[in-house]
2 protein chains.
Amino acid sequence: MSAHVRPTSPPAPVAEPRWLDAEEQKAWRAWLYSAQLLMDRLDRELTHATGISHAYYEILVALSEAPERRMRMSELADRCLSSRSRLSHAVSRLQERGWVRREVCAEDGRGQLAVLTDAGFAALEAAAPVHVEGVRTHLFDQLTPEQVQNMRDVGETLLRHLGPR
Amino acid sequence: MSAHVRPTSPPAPVAEPRWLDAEEQKAWRAWLYSAQLLMDRLDRELTHATGISHAYYEILVALSEAPERRMRMSELADRCLSSRSRLSHAVSRLQERGWVRREVCAEDGRGQLAVLTDAGFAALEAAAPVHVEGVRTHLFDQLTPEQVQNMRDVGETLLRHLGPR
DNA sequence: GTAGCGTAGTTGAAAGCAGAACTATTCCGC
DNA sequence: GCGGAATAGTTCTGCTTTCAACTACGCTAC
């Protein structure tokens, strides 16, 4: 955000922008607003009820599902769509809470393993019902089975394009 | 995030959580991941190409569409799904760039108007093609017309539930 | 008119985050 | 085995966001 760069301001525009028509605008806005509002709502409710933000919750879930409840930092970052830096900070904070601990990786001296502690697992168990109830109330309860199917279809289609980052 | 509160830990659970089955899990994950990846991607590309984050872009768009390119702070915050505080900070930073200025509101001495400057409008004009191209490439180009319709339908349905914040 | 309450918006402190720079280890070719 | 590139992770810096005060004005009733 520090660079107010205008990119190679071309004397002639490279190509006419493919503007959105009114219908596309509506579709885009509906998607954007609903996505923002839903994520916001779920995060807020979870945080207020349990003290665990959705980002932290995702980390705990990933670890709880991993073999021996441990995972390499990079793998965990990918799984949580998080940057290395962000994950490193987040794990440090979870460590302060006693929910995660770090171990050096046996096979690779550079590597670190994030390990879910029993306390961390307990915290996750307490939070899970709150989270699932939020997803039900604000998402599944609002949609017909067909809409759910469509939502999944659109999501998976987009993932095929965006997925292999 | 500072309070690790467990909420009134009930001796007996209030109700059995309505867990997600495997299909629902997949639908939820597809939605969540695709939404995060898409927003992330659009924000990143826009920021790198123009120096304007998606959050700032939304503010500029809202102002550019408002009568006389000006809008009350609260109204603008609502329009951008932003907290008052966040918007106030953001407008201050846009003001430093010379893209927005504040005016006191004539009708209500408490009120402030955010006004888009000519420089701000020019910055928006430069950024808009980049933004629209991103939305096309990563969203509309990936979906069939039917999928777009479904996406809109789901979005609007969710909005009816989440909308009146 | 003025006390008390509600509303509009700002501010300050602390937490969170991205990106770049940095450290430490491994891998590879010779 | 050794120099250099690649990889794993952390740390540093600066920006952004949140939350909780706080200021200032308006509204209503007495």
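The values are calculated or read from the model by the stated rules, or taken from the named source; none is laboratory data. All values reported here derive from a predicted model rather than from experimental measurement. As a convention, Cβ positions derive from the backbone with ideal geometry for all residues, glycine included, and neighbour counts pool all protein chains shown.
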With respect to A:Ile52, determine if the residue is assigned to a loop (DSSP other than H, G, I, E, B) and either within 9 Å of DNA strand D (Cβ to nearest atom) or buried (at least 16 other Cβ atoms within 10 Å of the Cβ) (or both). yes
Here are the criteria: (1) part of a helix (DSSP H, G or I); (2) surrounded by fewer than 19 Cβ atoms within 10 Å (Cβ to Cβ). Tell me which single one B:Leu20 does not satisfy. (1)
Total residues in segment B:58-98, condition of a type in the set (Ser, Thr, Tyr), more than 9 Å from DNA strand D (Cβ to nearest atom) and outside any helix (DSSP H, G or I): 0
Restricting segment A:99-113 to residues that are more than 8 Å from DNA strand D (Cβ to nearest atom) and under 22 Å from the mean Cα position of the chain (by Cα), the one nearest to the other protein chains (Cβ to nearest Cβ) turns out to be A:Trp99
Within the set of pairs 6+ apart or on separate chains, which have a first residue in segment B:23-46 that is at the interface with chain A (Cβ under 7 Å from one of its Cβ atoms) and free of Cβ contacts under 8 Å to residues at least 40 places away in the same chain, a second that is of a type in the set (Asp, Glu) and crowded, with 17+ Cβ neighbours inside 10 Å, and C-beta atoms under 8 Å apart? B:Ala30/A:Glu156; B:Ser34/A:Glu156
Taking the stated definitions as given, is B:Asp141 closer than 19 Å to A:Met39 by Cα and over 18 Å from the mean Cα position of the chain (by Cα)? no
Report whether or not B:Thr47 is modelled with pLDDT under 95 and either near DNA strand D (Cβ under 10 Å from one of its atoms) or surrounded by fewer than 18 Cβ atoms within 10 Å (Cβ to Cβ) (or both). no
Residues of segment B:99-147 that turn out to be without any contact (Cβ under 8 Å) to a residue 40 or more places away in the chain, touching a Leu at 6+ places or on another chain (Cβ under 7 Å) and in a helix (DSSP H, G or I), as a count: 2
What's the total number of residues in segment B:61-88 that are more than 23 Å from A:Leu38 (Cβ to Cβ) and within 13 Å of chain A (Cβ to nearest Cβ)? 1
Looking only at segment B:68-84, decide whether some residue is among the basic types (Lys, Arg) and at positive phi. yes
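Please indicate, with yes or no, whether at least one residue in segment A:112-122 is closer than 21 Å to B:Leu37 by Cα, crowded, with 17+ Cβ neighbours inside 10 Å and away from DNA strand C (no atom under 12 Å from the Cβ). Show your work before the answer.
Residues of segment A:112-122 closer than 21 Å to B:Leu37 by Cα: none.
No.
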